[in-house]
Every structure is written in structure tokens, then in C-alpha cells.
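Right, one structure below, let's go through it.
Read-outs: derived from the displayed coordinates by stated rules, not from any lab. Keep in mind it's a predicted model, so treat the numbers as computed, not measured. Ideal geometry is used to build each Cβ from the backbone, glycine not excepted, and the neighbour counts take in all protein chains shown.
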Amino acid sequence: MSTPDLKRPTVLMIDDEPQFLRLMERALREEFTILTAEDALDGYALLCQHKPDIVLLDVMMPMLDGWTVLRKIRSSQAFSKVRVLVITGLGPEAARHEASLLGVAKILHKPLVPSQLVAAVREALTEPHPKPDDY
């Protein structure tokens, strides 16, 4: 995990797959300050502590899934407008409905190419929030 740099956007990645986190962190770290969490509770704690510009959230995690975390984020006055990209192995239709209800900026499907993630983060940070047409 990097120390937040106020000059660069901060990206919080929450995913229970350590190898995936490391791969995506390598892809993003030249351009963004990266925070990582391997479970939803640690991820929410980092969100509260660092107030990132964008959250990359895995949907399928043990104990507390990504949808539950996203509902908690959206119900919080402080974080209700944070941009969230959902990363999932679920099929497009399975994720689209829930994502549209919870104001997800974009859904990314695994397996994910690192350059695809970098482009999606850049796009999400430059566009108005949320952008429902991307569901």
C-alpha cells in the first residue's frame, strides 16, 4: 500500500485475490496513489480513513460481498458520491441490474487486462458521476 499523494488521484482496490491486487496495482501505480484491501471490512476502513477518489470493488468476496459494501458506501453521507468501478467474474446481466441500482460508474469483467483497468479508471475520473449508460 502506498502513502497517499495529494497531487495524484487515490484508487482504493478491494479484492480478495492477492495476485489480482498485485497485478492491478503494478498497472496503476505510475499514475495513481494505490490503497489495497483483501477483504471488504478492511477496504471500508481504508475508505473512511483516506477518502479515495475512486474505489475498485470486487463483487464476490467471502464473508461480506461487494454489493453489501457498496450499499454501505451509498448509504453514507460522506461517501455516497464516490466513484465505484465494480470488478466481477459474474456475467454481464447478473451484475448490470444491481450496479444500476447502486450508482456504479462502470462494470469490469474478469479476466481483466491491466491496460483496460487503467483506461477505465482514467475515464471514470474525468466523467460526471454516475454514468448509467455504461451499465
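Length gained on full extension, Arg26 to Leu90, computed as 0.36 nm times the residue gap minus the Cα-Cα distance: 20.6 nm.
Cross-link partners for Lys81 among the aspartates and glutamates, with Cα-Cα distance under 18 Å and sequence neighbours closer than 8 places in the same chain left out: Asp53, Glu98, Glu123, Glu127, Asp133, Asp134.
Of the GluC sites (Glu not before Pro) found in the stretch 1-61, those in coil by DSSP whose Cβ has at most 12 other Cβ atoms within 10 Å are Glu30. Model label sites at Gln19 and Val118, defined 7 Å from Cα along the beta-carbon direction, differ in position by 2.2 nm. Placing dummy labels 7 Å off each Cα toward the beta-carbon, the span from Leu125 to Lys7 is 1.4 nm. Counting neighbouring Cβ atoms within 10 Å and putting the fewest first, the residues Leu21, Leu64 line up as Leu64, Leu21.
Each of Phe20, Phe32 was scored by other Cβ atoms within 10 Å of its Cβ. Arranged with the fewest first, they read Phe20, Phe32.
For the chain, which span is the longest to avoid every loop-located (per DSSP) member of trypsin sites (Lys or Arg not before Pro) having at most 13 other Cβ atoms inside 10 Å?
82-135
When +1 charges are put on Lys and Arg Cβ atoms and -1 charges on Asp and Glu Cβ atoms, the dipole computed for the stretch 10-134 relative to its Cα centre reaches about 340 debye. Which whole number in µm²/s is D for the chain by Stokes-Einstein, with the Kirkwood Rh taken over Cα pairs at 20 °C and 1.002 mPa s? It diffuses with D of about 148 µm²/s by this estimate.
The gain in end-to-end length when the Lys72 to Asp42 segment is fully stretched comes to 9.5 nm, 0.36 nm per residue minus the alpha carbon separation. Taking amide hydrogens as placed 1.01 Å from N in the peptide plane, the amide H of Leu108 sits under 5 Å from those of Val86, Ile87, Thr88, each at least 5 positions away in sequence or on another chain.
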